[in-house]
Amino acid sequence: MEFLTSLSDGKQFAIQLIIVLICLFYGAKKGGIALGLLGGIGIFVLTFLFHVKPGKPAIDVIFTILCVVVASATLLSSGGLDVMLQIAERILRRNPKFLTILAPFVTWFLTILCGTGHVVYTMMPIIYDIAIKNGIRPERPMAASSISSQMGIICSPVSVAVVSLTAMLLAPNVTHIQGFDGYVDLLKITIPSGAFGVLCVGIFSWFRGKDLDKDPIFQEKLKDPKFKEYVYGENKTLLGVELPTIQWTAMWIFLGAIALVAILGIFSDLRPAFDNGKGVMKPMSMVAVIQMFMLMAGSALVIFTKVKVSDIGNNAIFKSGMIAMVAVFGISWMADSMFAVHTPMLKTALGDVVKELPWTYAIMLLLISKFVNSQAAALAAFVPLALGIGVEPGIIVAFSAACYGYYILPTYPSDLATIQFDRSGTTHIGKFVINHSFIIPGLIGVSTSCVAGYVLALVAGYI
């Protein structure tokens, strides 16, 4: 295709960007695994028609997804997750008046522990039941909890997003931040800023919408006995259920693995050191540590809890994780191929803008996250480009929370599931689609987290 390859860099980039966006939009519309599959079309067009050298897919990210998902899915099959949920439910039912504040923190913390936001599905029926039985508008805690569960990903020591972002910031060809040693230093920014964002989401949600007894639409629906029975009928609870000791053992095995990962992240001297090829001894990377310990955690669960191995590959966490893995592979390969060849041009065109207006980085990352519906995939696709065009690594750390933008349209599984779990109908998608229950809590949570992250990064001397 000599015609295409003879075009200027700018024109080639514009055409390639349109092709990539078409693949992303169509893949997102189809949902699920299609997002990754469409990346194959994009990489074919780039290589065969534009003669772009194939880039490198985010292999470390993909393998980390695999290891974390397998461990979390094994935890689910072993019953260990039920123990966590029972503890969480006990906290919420003891303090129903503060449900709208506490529930988002509970789902956020569960995500931090498990490394995936998909654990929120099992909490939603419980949150709904507590809300409706105490006269609380279910939309308030439920929408906030769905948003907060996804905000926990960039705060989790075992999440793919945290590990991949750390690896990119510490890559050999990147200017390292003074005083930033990676993994733990990133969490020192993301965890407190994330907690502040979750608090802001809860405070806003406390006052949103009308109380159920003052909502004329809801009260009119209640006149129908069938609707009233549907709304108040089913009681979802884990309280009073005596969980066997082996399920508690499963939970402690998983939490023990996370604790060991955190310790090894803090104390790098505890990790084996190897020659980096230049005669310098470097501790084993945290990417390898997390992959190793997650596989070990899954192995320990299989050995000591007698989990049925055939169930692991069939549960919701495993299936959603495998879909995420395919999506990251296709997207990261396509994006790396396109941006690598055009980085010099983009640096010239956008470098000064991003340096003068650093918040534009956060907005671009937010939009890319919506396109790819994955925080890890958004980081894998955009951070290398951002570093290449001159964005300061400290800015990337400060605005880490901006990798969560897929609440903008209500297409993500956790949001759709939340709507279904709210039998009162208060959690909803509006007439214009964009006016749904999640967008304002999402904007508040991410924006306040970014502001807090920027302040913390300034204090830490990263900016």
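The values are calculated or read from the model by the stated rules, or taken from the named source; none is laboratory data. Because the structure is predicted, anything quoted here is derived from the model rather than measured. A quick note on method: Cβ atoms are made from the backbone with ideal geometry, for glycine too, and the neighbour counts reach across all protein chains shown. Ligands, DNA and RNA are excluded from the accessible area calculation, which covers all protein heavy atoms including side chains. Shrake-Rupley method; radii C 1.70, N 1.55, O 1.52, S 1.80 Å.
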- Note on the structure: Phi-derived 3J(HN,Hα) across the range 391-398 with the Karplus relation (6.51, -1.76, 1.60, θ = phi - 60°), rounded Hz, x for Gly and Pro, is 5, 5, x, x, 5, 4, 5, 4
- Mind counting lysine pairs for me in the range 173-299? Cα separation below 22 Å, and the two need to be 8 or more apart along the chain or on different chains. 8
- Task: Please state the charge dipole magnitude for the chain, taken about the Cα centre, from unit charges on C-beta atoms (+1 on K and R, -1 on D and E), reported in debye and rounded to the nearest 20.
- Result: 680 debye
- Computed FRET efficiency, Cβ-Cβ of Leu4 and Lys30, R0 22 Å: what is it to the nearest 0.05? 0.25
- On the full set of protein chains, 1.4 Å probe, figure out the accessible area of Leu260 and give it in Å² to the nearest 10. 90 Å²
- Message: Amide H of Lys282 versus every other amide H placed in the peptide plane: which residues, excluding those fewer than 5 positions away on the same chain, fall under 5 Å?
- Response: Phe274, Asp275, Asn276
- Ignoring chymotrypsin sites (Phe, Trp or Tyr not before Pro) buried by more than 16 other Cβ within 10 Å or outside DSSP loops, the longest site-free run in the chain is 1-206
- Extension length gain for Ser310 and Thr360 (0.36 nm per residue less Cα distance), in nm, is 13.3 nm
- Query: Excluding the sites themselves, what is the longest stretch of the chain that contains no GluC sites (Glu not before Pro) in a DSSP loop with at most 15 other C-beta atoms within 10 Å?
  - Reply: 1-233
- Take the alpha-carbon centre of the range 304-376, take the same for the range 382-418, and report the distance between them in whole Å. 8 Å
- Calculating Rg and Dmax of the Cα atoms in Å from this structure picks out, from (i) 22.7, 77; (ii) 22.8, 68; (iii) 22.8, 72, entry (i)
- Query: Based on the Cβ-Cβ distance of Ala262 and Ile18, what FRET efficiency does E = 1/(1 + (r/R0)^6) give at R0 = 45 Å, to the nearest 0.05?
  - Reply: 0.55
- What full-extension length gain, to one decimal in nm, is calculated for Asp213 and Leu416 as 0.36 nm per residue of separation minus the Cα-Cα distance? 70.5 nm
- Any idea of Thr5's accessible area? Nearest 10 Å², probe 1.4 Å. 50 Å²
- Note on the structure: Rounded to the nearest 0.05, FRET efficiency between Ile87 and Asn276 (Cβ-Cβ, R0 45 Å) equals 0.55
- Message: Assuming 0.36 nm per residue, please report the length gained on full extension of the stretch Val455 to Met284 beyond their Cα-Cα distance.
- Response: 58.5 nm
- Query: Which whole-number percent is the relative contact order of the chain (Cα, under 8 Å, 6+ apart)?
  - Reply: 27 percent
- Task: Before anything else, pin down the relative contact order of the range 360-437: Cα pairs under 8 Å, at least 6 apart, normalised by residue count, whole percent.
- Result: 31 percent
- Message: With every protein chain kept in place and ligands, DNA and RNA left out, what is the accessible area per residue of the chain? Probe 1.4 Å, answer in Å².
- Response: 44 Å²
- With Cα atoms, 0 to 90° folded angle of helix 245-266 axis to the chain main axis: 30 degrees
- When the Cα centres of the range 195-242 and the range 60-110 are compared, how far apart do they sit, in Å? 21 Å
- Note on the structure: Label model pair Val353, Ile303: point-to-point distance (7 angstrom along the Cα→beta-carbon line) in nm is 5.5 nm
